[in-house]
Every structure is written in structure tokens, then in C-alpha cells.
Amino acid sequence: MEFFKKLITAIRGGSRELGEAVLDTQGIRIYEQEIEDAKEAIKKAESDLTGVMAKNMQAGREIERLEKEVASYESKALSALDQDNEALAGEVAEKIAELEVELETQRIAKDKFSAHVDSVKEMIKQTHAKIREHEREISMVKTTDNVHKAAKSINQHIDGGSSKMVAAKESLERIKHRQQDDSDRMVASESLNDELSGESLENKLKAAGIGDESDRKKQVLERLKAKRKGNEN
Amino acid sequence: MNNLLEKLERVLGMSDTGSLNGLEYEFNPIPGEVEVVQVAFKDREELPIYLTQSESQMLCICYLWDDEEVISDKRAEMLEVMLDMNIPMPLSSFGRIGSRYTIFGALSLESSAESIARELTVLSDNALDAIDAMSEYLN
């Protein structure tokens with residue numbers, strides 16, 4: 001949010017070196033280094049996370065094993081009590097107590113591993129967000145600066161006369177005029193093509209003895225024949 | 001960063017002149033601190049497109065009009081219409097660089113030849129339509 005405001009202030013102020021107005025070159029380098037460091041930290045955290053998660057799983061399996069063992073000894077202790085063998089039941093109870101201490105140690109360790117996993121995951125998430133934010137900010141600064149420099153080149157190019165900046169409406173009129181010319185030329189060329197192809201069709205018809213001329217010949221011949229017939233009568 | 005002109009030639013598979021979606025074009029590099037390539041379409045030379053690229057994107061920019069050309073008491077209305085048009089206008093957006101209003105499109109640096117070709121031709125069509133549609137706000 002703060003960054004957007006800085007950028008707006010720099011643009012509104014017409015700063016010549018926008019990138020430097022928001023973050024100087026040294027600042028950008030420091031920022032980029034921070035991003036690199038954060039990426040390295042994430043890599044390390046992800047590798048640590050794998051180790052902690054493995055320990056967490058091991059502790060989980062150990063707890064399961066101990067719980068089964070406790071259950072098994074409890075059932076054995078009950079059998080001893082059923083046989084009124086108090087001494088044996090006492091020994092088993094002692095074993096159970098030892099196992100329960102071990103179980104408690106494993107449970108505490110597992111809770112610690114779980115908490116560690118959660119905090120590393122949260123740290124990775126936050127670092128990713130920070131990297132994304134920094135990268136977007138740097139990209140904005142660099143793009144703004146790049147556009148500013150590009151605009152400078154374009155303006156010099158236009159003002160230098162290599163490419164004239166004409167008023168928009170005038171440009172549009174010229175383009176439309178040229179497009180109308182093209183379109184007129186196309187219509188003219190099409191009608192010329194029609195005429196030319198029409199003529200050649202006429203020629204083909206003549207060659208085949210079809211059309212006005214052959215009809216006229218036929219009519220004259222018929223007329224002459226009729227005339228001679230009339231004279232003979 | 002890849003050389004922009006080389007990239008255009010490689011991606012579009014063409015030299016500095018040719019045809020894109022039926023429009024004849026001419027590429028022309030512009031000297032300066034950053035790389036800028038001017039693309040002029042035949043019969044639309046007054047409205048060339050300028051290509052430049054930063055680390056994160058490729059920008060295609062077409063200058064429309066200068067602030068001086070805007071009818072001053074219609075300026076606020078024009079700006080609102082431009083904002084309203086920004087979303088429906090295909091692939092392009094309105095912007096401003098200094099005192100010059102622009103229409104531009106941003107592309108990923110990994111854009112395909114088809115995307116670049118479409119961006120350039122659609123931007124040119126949009127520029128013509130935009131000036132036509134906004135001419136009532138211009139002197």
C-alpha cells in the first residue's frame with residue numbers, strides 16, 4: 001500500500017528517474033539481495049522441515065508402539081490379579097509405569113515437533129508472501145522506469161522528425177481516407193475484372209457459334225430463303 | 001534480457017517487414033537507453049505501436065493524443081468514458097505517459113508468436129476505434 005502511494009507521488013511529481021525516485025539503484029540491489037536471501041532461507045527451512053516432519057512421524061510411531069505395549073502389559077497384569085498373583089501383578093505394574101514415563105516423554109517430544117512444523121510452515125508462508133510483494137514492487141519500479149526511458153526515446157524519435165506526431169483526429173482522417181481509397185480501388189478492380197471476364201465470355205460464346213452475331217446470320221439467311229421462295233411462287 | 005528485435009524476429013519468424021493477420025508491417029528499432037521497436041502498419045503509419053520490455057513483461061504502446069488536443073471542459077467526461085471502456089476493450093487498456101494518452105497491452109515475456117501478432121493487430125484496431133469513438137472530446 002505504502003509503495004503504491006510512493007509510486008503515485010513520483011509519477012505525479014513528474015520525476016525524471018522514476019525508479020530512482022522510489023528506490024535508488026543501491027536500494028533496488030539491496031531489495032533484490034533480500035529476495036535472494038529470503039529464497040535461500042525458504043530452501044533451508046523446507047529442508048529442515050522435512051527432517052522435523054520425519055522426527056514427528058517417528059515419535060508418532062513410537063507412541064503407538066508404547067501404547068500397544070502398555071495395553072498388552074495391562075492385560076497381563078489383570079491375568080496375574082485374576083490368579084491372585086499379587087507379586088507378579090506388581091512387577092508388571094512397575095513395567096507399565098516405566099513404559100508410561102517413556103510414553104509421556106514421546107508425547108511431549110511429538111507436541112514439540114508438531115509445533116515446530118507449524119511454525120516453520122507459517123514462516124515459509126510469510127516469507128513467500130514477502131518475496132511476492134518485493135518482487136511485485138521491484139517489477140513496478142523497473143517497469144515504470146523502463147516505460148519512462150522508452151517514452152524519452154520515442155519522444156526524441158517523434159520530435160526528431162523521423163516519425164511525426166500528428167493530431168489524433170487528423171491521423172484518423174488520413175487513415176480513413178487511405179482505407180476508403182483502398183476500398184474504392186478494390187471495388188474498381190473487381191468491376192474491371194467482371195468486365196474483362198464478361199468480354200472473354202462473349203468471345204467464347206462467339207467461338208462456339210452462340211450469341212447475337214450467329215443469330216443475326218441465321219435470321220438474314222431465313223429472310224433470304226423466304227424471299228426466294230416468294231419469288232418462285 | 002533477450003534482445004527485443006531478435007526475439008520478435010525469432011518468435012514471429014519474420015524479418016523487419018512482413019504481414020501480421022493481414023496487416024503489412026515494418027519493424028524499426030529506435031535508439032535510446034532502453035530497447036524500443038516501432039511497428040508501423042501499412043496505411044496506419046500515423047499510429048505506430050512501440051514495443052519495449054522490462055524484466056517481467058513486454059509492453060505494446062500506441063500513442064493516441066496529447067493533453068493539448070482534449071477539449072478542456074469535456075476532459076472529466078472523457079476520462080470517465082476511458083475508464084468505462086477499459087474493461088470491455090479487448091486485450092488493451094488506456095494509459096498516459098507524460099501528457100500523452102496511450103492505449104497499451106502487456107504481454108508475458110514467454111508469449112507465443114500468435115499472442116504477439118494478435119496483440120499488435122488488435123491494439124492497432126483498438127487505437128483506430130478509440131480515436132473514432134473519442135473524437136467528440138478532441139479538438
Kindly evaluate residue A:145 against the criterion of being in a helix (DSSP H, G or I), at pLDDT below 85 and more than 11 Å from chain B (Cβ to nearest Cβ). no
Checked the stretch B:67-102 for anything closer than 18 Å to residue A:144 by Cβ and surrounded by 13 or more Cβ atoms within 10 Å (Cβ to Cβ); matches are B:93, B:94, B:95, B:96, B:97, B:98, B:100, B:101, B:102
I'd like to verify a number: residues in the stretch B:40-66 that are more than 8 Å from every other protein chain (Cβ to nearest Cβ), touching a residue at least 60 places away in the same chain (Cβ under 8 Å) and among the basic types (Lys, Arg), how many? 0
Boolean, residue B:24 is more than 17 Å from residue B:99 (Cβ to Cβ) and within 11 Å of chain A (Cβ to nearest Cβ): no
Do the conditions hold for residue A:193, that is, is it part of a helix (DSSP H, G or I) and either surrounded by 12 or more Cβ atoms within 10 Å (Cβ to Cβ) or facing chain B (nearest Cβ under 7 Å) (or both)? no
Any hit, the stretch A:79-91, residues being crowded, with 16+ Cβ neighbours inside 10 Å, assigned to a helix (DSSP H, G or I) and touching a residue at least 24 places away in the same chain (Cβ under 8 Å): no
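Per-residue answers, yes or no, for (1) away from every other protein chain (no Cβ under 13 Å); (2) part of a helix (DSSP H, G or I):
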| position | (1), (2) |
| --- | --- |
| B:85 | yes, yes |
| B:103 | no, no |
| B:106 | no, no |
| B:111 | yes, no |
| B:121 | yes, yes |
| B:130 | no, yes |
Return the pair list, or none, for Cβ contacts closer than 6 Å from residues in the stretch A:120-138 that are over 17 Å from residue A:46 (Cα atoms) to residues that are of a type in the set (A, V, I, L, M) and part of a helix (DSSP H, G or I), at least 6 apart or on different chains. A:134/A:35
Has the stretch A:99-108 got at least one residue that is within 14 Å of chain B (Cβ to nearest Cβ) and over 22 Å from residue A:11 (Cα atoms)? no
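The values are calculated or read from the model by the stated rules, or taken from the named source; none is laboratory data. Predicted model, so just to flag it, every value in this text is computed and none were measured. So basically every Cβ, Gly included, is an ideal-geometry build from the backbone, and we count neighbours across all protein chains shown.
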